[in-house]
Every structure is written in structure tokens, then in C-alpha cells.
1. Every residue in the stretch 62-118 that is farther than 22 Å from SER149 by Cα and touching a residue at least 40 places away in the same chain (Cβ under 8 Å), please.
2. Residues being touching a residue at least 60 places away in the same chain (Cβ under 8 Å) and touching a Leu at 6+ places or on another chain (Cβ under 8 Å): count how many of those fall in the stretch 132-150.
3. For ILE78, work out the one condition from (1) under 37 Å from the mean Cα position of the chain (by Cα); (2) among the hydrophobic types (A, V, I, L, M, F, W, C); (3) surrounded by 15 or more Cβ atoms within 10 Å (Cβ to Cβ) it doesn't fulfil.
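Every read-out reported here was derived from the displayed coordinates using simple, explicitly stated rules and does not represent laboratory data. Just so it is clear, the model here is predicted, and its values are computed rather than measured. Neighbour counts are summed over all protein chains in view; Cβ atoms, including those assigned to glycine, are modelled from backbone coordinates with ideal geometry.
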Amino acid sequence: MLITILMQDAQGNHGLTVEIISIVVAFAGAILAVYSTIRTTQANKELTSLQHALNVRNKFLERQTDLYFEASGLASRIATNTSEQDVQEAIVRFNEIYWGELAVVEDSIVEPAMVDFKRLLEREDCSKRDLKLSALKLSRALRDSLNKSWKAELSEIQHLRTEDTQDTSHESNDKIEEDEMISQDSDSSDQDSETQTKEGEES
């Protein structure tokens, strides 16, 4: 009789222990889930912000590219065209973008080449050969500037993809950890049940 009572007490304590473990594991899982949600939300905000910055930069690069090609074409027309009217029209447009639009998007590579070509245009003794050489120098500067801009853009895009991959990896790891905790809790409960069954049979 005494042995039966002791066994029942042990089984009762065992059941309480299982319940406590289950509560602790469930609580830990809930904390992990909340933490994972917070981190995912923060990562999504950062990703959205970076995507917006890239969209703005893309628009800038598109406008820069358009103006660079136009500047190169105008310099070529001025240097090679034999029609005085066409040359004057090209000079007017070149001056427009020189004093306005191109100044917004040009970098330190393009600026000196534009200044050199503009000064050469203002010289009365400049020859077609000098203009051609200066136009070629300007086109190369425009090309180098575009290469620099697009390399920076590709680098930012790669950085964005890397961050996105890392965020996905973190989420997967969190899910794996949570599944493992639940699995361990289930195994512990099964073992406790088996122990209680054996003890009941022995009593």
C-alpha cells in the first residue's frame, strides 16, 4: 500500500515536471517567433528603403546616360559637320546642356573634358582637327564616367541581393531551431509517458 502511494506521488511529480517543461518550451518558442518576426520586419524595412534608393539612382543614371550620349553626339556634329547651319544649331544645344542639364549629372571625369571643348569652341583660331581631337577626348571621358557609374550600380544591386539572401537564411535557421525545440519537447513527453506506463505496470 505504501509503495503504491509513493509510486502515485512520483507519477504525479513526474507529470508536473512534464507540464512545466512543456510550458517553458512553448514560452521559449513564442519568444523566438516574436524575435524572428521583429527581425524580419526590420529587414523588410531596410530592404524597401534600399530598393527605393536604387530606383531613384536608376532614374538619375538613365538621365545621365541620355545627356552623355547627347553631349558626345553634339561634339561630334560640331567637329565634323560641314554645314554651317547644322554646326551653329549643335553649338546652341551644346551650350544649353553645358550651362544647365549636364552640370547636374556630370562628374569629375566629364567636367574638365567639357570645359576644354567649350573653351576650344570659343577660340577663333581653332581648327576642325583640334575640335575632332577634343570631341574624341570628351567622348572617352563620358564613356569612363558611365563605366564608373554603372559599376557602382551593379555593386549596390549585388549588395542588395546578398542582404536579401542572408535575411532568408536567418528566417530558415530560426524556423529550424523552433522545430527542433518542439521536437525535443515531444520526445521528452513521449519518454515521460513511457516511464509512467512502466511504473504503473510494475506497481
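1. Correct list: SER76, ILE78, ALA79, THR80, PHE117.
2. So the answer is 2.
3. (1)
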